[in-house]
Amino acid sequence: MIPTRVFGGSLSLVAVIAGLLVATHSAATPAVELTGAEPLRRGPTSIANGFPGGNFALRNEESRLCLASEPGRYYEYDGAWRQREYNGPSDRASVVTDPGLAMFGCNGSTRQRWFFDSSGASTASGVHNHLLNAVREDSRGYFALSYGNIPAQGGIDARLVDSRSSLAARWKIEDGYLFEEGYPKSVLTYVPAARALKMAPRGGAYQRWRLQPAP
């Protein structure tokens, strides 16, 4: 009987161990869905509160629309405040409103890009944990996702505020729900009928969000 030689016994064991380590690392890394028909892949490691580093889009699971900023509106005063196209400095009194929020088909545009600011640990106010839109609004810089109580509109509306403002909320995402740190029962909700974004009690429709990588 001719003996059969088995090659690479110890090497195979190393390969098996390496494979287990890779699998363990992958399982600990949050899933990030690609745009279009591309398959689900593993995204970058979470930097804080469930968010990845770099730019990403926030897609609502049910509507399949992405959260976006809209440019602020420019008004000039000539006896009455009138909205005009912004063409540079004017001698008249003028004002530019804060950017707004909207939901659009996910197309990778700059206004659909967001990033998580986890800096500020050494400051008096502590870690920022702000969700910032990637568009710099003229000299005012970046704007942060927040919300304010607007009863006339039927709830607590989401909005954008100057990232340096004390009104900027600290966010966390968990199981697809987006909420302010310490307040998991109230989550960011899209209301298609009103085309609005509100903070509403967890458990309703249009409340789950998916992070998509953005260039």
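Descriptive notes on the structure:
- With a Förster radius of 41 Å applied to the beta-carbon distance between Tyr77 and Tyr183, the computed FRET efficiency rounds to 0.55.
- Potential lengthening between Thr97 and Ser118 on full extension [0.36 nm per residue; Cα-Cα distance subtracted]: 4.9 nm
- Spin-label model, Arg136 to Glu61: label points 7 Å out along the Cα-to-beta-carbon direction sit 3.7 nm apart.
- Each Lys or Arg adds one and each Asp or Glu subtracts one; over the other residues with Cβ under 14 Å from the Cβ of Thr110, this totals +1.
No lab work stands behind these numbers, since they all come straight from the coordinates. Quick caveat, the model's predicted, so the values are computed rather than measured. Reconstructed Cβ throughout: ideal geometry from the backbone, glycine too, with neighbour counts over all protein chains shown.
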